[in-house]
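Trainee: This is the structure I have questions about; it appears just below.
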Amino acid sequence: MTDPNLVGGGGVDAAELSRIDDSATAPKKPRSLWGDAWRQLRRKPAFMISAVIILLIVIIAIAPGLFSHRPAGYSDLTHANEGPSADAWFGYDNQGYDVYARTIYGARASLLVGVFATILTVLFGSLVGIVAGYYGRLIDSLLSRLGDIFAGLPFVLGAIVILTTFNAPGSNPGQVTIIVQVVCSIAVLTWPVAMRIMRSATLVAKQLDYVKAARALGASTPRIVFRHLLPNTLAPVLVYATIALGAAIGAEATLAYLGIGVRPPVVSWGVMISDARDYFRADPHMLLFPGAFVTVTVLAFVMLGDGIRDALDPKSR
């Protein structure tokens, strides 16, 4: 019972008491999966650090001119092989190029290869995986065996075969052509992982009640797949995509180092590492700085993926 001395007497009025009672008894709206995941991620320093690093790399790739007053093609042979200094923070290479400027501008090509290779890998692998998991039986067996064939190919060997087949010795493909070839090579050799993840998630999701209800009500296969299955199987694939993006950037550097990937006049971290491999003993700065950018970027994506995976998996909390 409300004290009349409080009501209208300078204390809490009846309307305020009613609002307090309603707010205390009203049920709290449950958080969504992604809302709860974001709440968990904000508490992880490793996730926040990796997100800041990735954001910085993306800004560098989009607007390299904000970080370097020199273009990537700037060259001064009088300073060839000089070490880091106030004039060139990362020093000069054997051709007089500013290593810092080329490292900044090289972020764009490396990131583009990683992003597009990951997009192709996830799209194709997810499509094959959801079809295999939904239909099962013969289709599942055929698609799974196809994935096993590609998964059994060694990455470096497969990339060498693909890229040397399309580029005969002595050929000089254009910049766009070689980047497209590298992207497709990475996607062709890595899609089975995304396929297996999506297939496993689909096998679990299609047994749930809401999918069975949709099928019983006569929903078409495309509606069941895109309206019900895909939104509820996307989380593990997105986690893999985050980690795979970092791996694709490392793969680009590997292929460029072997001389079969991105090549000049394209500027990328892999190209810089390849150009510096014969000068590492005398001028280690030529390789260390682009190598450090590759390492930090790949590590940031791996840490980001680990954080998202832990946030989306209730068992890990």
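Trainee: Run down Val266, Val294 and say which single residue is of a type in the set (A, V, I, L, M, F, W, C), at negative phi and in a helix (DSSP H, G or I). Before the answer, list the steps.
Mentor: Numbers: Val266 fails: in a helix (DSSP H, G or I).
One residue alone meets the criteria, Val294.
Trainee: Quick check on Phe289: is it in contact with a helix residue (DSSP H, G or I) (Cβ under 6 Å, 6 or more places away or on another chain) and either open to solvent by 40 Å² or more (accessible area, probe 1.4 Å) or at pLDDT below 85 (or both)?
Mentor: yes
Trainee: Give me the pairs: first residue in region 40-66 and under 15 Å from Phe293 (Cβ atoms), second residue of a type outside the set (Phe, Trp, Tyr) and surrounded by fewer than 17 Cβ atoms within 10 Å (Cβ to Cβ), beta-carbon distance under 7 Å, and six or more apart or on different chains, which are they?
Mentor: Going by the 7 Å Cβ cut-off, the qualifying pairs are Ile53/Val296.
Trainee: Which of the residues that make up region 115-130 are buried (at least 19 other Cβ atoms within 10 Å of the Cβ) and either under 13 Å from Ile197 (Cβ atoms) or not hydrophobic (A, V, I, L, M, F, W, C) (or both)?
Mentor: Selection gives Thr118, Thr121, Val122, Gly125, Ser126, Val128, Gly129, Ile130.
Trainee: Oh, and also: Every residue in region 38-84 that is over 27 Å from the mean Cα position of the chain (by Cα), aliphatic (A, V, I, L, M) and not in a loop (DSSP other than H, G, I, E, B), please.
Mentor: Leu77
Trainee: Okay, moving on. Search region 304-317 for residues being in contact (Cβ under 8 Å) with a residue 60 or more places away in the chain and open to solvent by 60 Å² or more (accessible area, probe 1.4 Å), and hand back the single one that is nearest to Gly174 (Cα to Cα).
Mentor: Quick first cut of region 304-317, residues in contact (Cβ under 8 Å) with a residue 60 or more places away in the chain only: 304-312, 317.
From the residues that got through so far, the ones that are open to solvent by 60 Å² or more (accessible area, probe 1.4 Å) too are 309, 317.
On the way: Arg309: 39, Arg317: 49 Å.
The residue in question is Arg309.
Trainee: Regarding region 76-89, can at least one residue be identified that is open to solvent by 40 Å² or more (accessible area, probe 1.4 Å), touching a Pro at 6+ places or on another chain (Cβ under 8 Å) and under 25 Å from Val294 (Cβ atoms)?
Mentor: no
Trainee: Using the structure shown, decide if Val156 is β-branched (Val, Ile, Thr), within 29 Å of Ser200 (Cα to Cα) and crowded, with 16+ Cβ neighbours inside 10 Å.
Mentor: no
Trainee: Test Tyr279 against the criterion of being open to solvent by 60 Å² or more (accessible area, probe 1.4 Å) and either touching a Lys or Arg at 6+ places or on another chain (Cβ under 9 Å) or touching a residue at least 60 places away in the same chain (Cβ under 8 Å) (or both), and give yes or no.
Mentor: Judged against the criteria, Tyr279 is a match.
Trainee: Listed residues Asp306, Asp275, Asp283; which is outside any helix (DSSP H, G or I) and of a type in the set (Asp, Glu)?
Mentor: Step by step, each of Asp306, Asp275, Asp283 is checked, and only Asp283 is outside any helix (DSSP H, G or I) and of a type in the set (Asp, Glu).
Trainee: Looking at region 203-225, is at least one residue closer than 25 Å to Phe301 by Cβ, of a type in the set (A, V, I, L, M, F, W, C) and in a helix (DSSP H, G or I)? Don't jump to the end; show me each part of the working.
Mentor: So in region 203-225, the residues closer than 25 Å to Phe301 by Cβ come out as none.
No; the residues of region 203-225 include none that is closer than 25 Å to Phe301 by Cβ, of a type in the set (A, V, I, L, M, F, W, C) and in a helix (DSSP H, G or I).
Trainee: A further question on this structure: With without any contact (Cβ under 8 Å) to a residue 40 or more places away in the chain and under 21 Å from the mean Cα position of the chain (by Cα) as the only criterion, which of Val176, Val161, Val180 stands out?
Mentor: Val180
Trainee: Only residues that are surrounded by 21 or more Cβ atoms within 10 Å (Cβ to Cβ) and basic (Lys, Arg): list them for region 173-201, please.
Mentor: Arg199
Trainee: Another question, then. If Gly246 passes every condition in (1) more than 30 Å from Gly270 (Cα to Cα); (2) of a type in the set (Gly, Ala, Ser); (3) open to solvent by less than 30 Å² (accessible area, probe 1.4 Å) but one, which one does it miss?
Mentor: With (1) more than 30 Å from Gly270 (Cα to Cα); (2) of a type in the set (Gly, Ala, Ser); (3) open to solvent by less than 30 Å² (accessible area, probe 1.4 Å) applied to Gly246, the lone miss is (1).
The values are calculated or read from the model by the stated rules, or taken from the named source; none is laboratory data. Bear in mind the structure is a predicted one, so any value in this text is a computation, not a measurement. Every residue, glycine as well, gets a Cβ built from its backbone with ideal geometry; the counts of neighbours run over all protein chains shown. For the accessible areas, the whole protein counts, side chains as well, though only heavy atoms, and no ligand, DNA or RNA atoms are used. Shrake-Rupley method; radii C 1.70, N 1.55, O 1.52, S 1.80 Å.
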